């Protein structure tokens, strides 16, 4: 029997994001469309059965380089974000993201072709509303509140 409420269900992309912490700050990156973001990204179709930690490892390698050594912690923030894609037709997509905490150990961030700038944001002084909007902003505000609770 078909689901009568199927048109009420909203499709989402699913992503993993990382709050990479170093010396009390966390990494944010500007992409080549001028938008600020956390390292991480969407899960591919063929990764449905892949452990999320392995997807985080792939995305971190793509976005910060394989030279960055970190210890991945637990998911600490869940985000829902809506944005217009820079793709044919400029579709609006919704993304559900799992935000992991991670601790930098060594290595330097190597820019991918997708990023133009990085910032190590100090939660004590960082104003996320100057960099982020929508669900990303709410998620970073939630993360910063958790850090203040310590």
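Of all the residues in the stretch 7-38, those that are farther than 15 Å from residue 81 by Cβ and in a loop (DSSP other than H, G, I, E, B) number 5.
Run down 48, 33 and say which single residue is surrounded by fewer than 16 Cβ atoms within 10 Å (Cβ to Cβ) and more than 20 Å from residue 12 (Cβ to Cβ). Answer to the selection: 33.
For beta carbons closer than 6 Å, sequence separation of 6+ or different chains, a first residue in the stretch 1-21 that is over 16 Å from residue 52 (Cα atoms) and a second that is surrounded by 10 or more Cβ atoms within 10 Å (Cβ to Cβ) and at pLDDT below 95, the qualifying pairs are 12/94. Looking across the stretch 127-148, the residues that are on the phi < 0 side of the Ramachandran plot and touching a residue at least 24 places away in the same chain (Cβ under 8 Å) come down to 131, 132, 135, 136, 138, 139, 140, 142, 143, 146, 147, 148. With respect to (1) in contact (Cβ under 8 Å) with a residue 24 or more places away in the chain; (2) surrounded by 13 or more Cβ atoms within 10 Å (Cβ to Cβ), the lone exception for residue 24 is condition (2). Looking only at residues that are part of a helix (DSSP H, G or I) and in contact with a strand residue (DSSP E or B) (Cβ under 9 Å, 6 or more places away or on another chain) in the stretch 39-55, which one is nearest to residue 78 (Cα to Cα)? Here the answer is 52.
The values are calculated or read from the model by the stated rules, or taken from the named source; none is laboratory data. All values derive from a computational prediction rather than experimental measurement. When we count neighbours, we look across all protein chains shown, and the Cβ atoms used for this are built from the backbone with ideal geometry, even at glycine.
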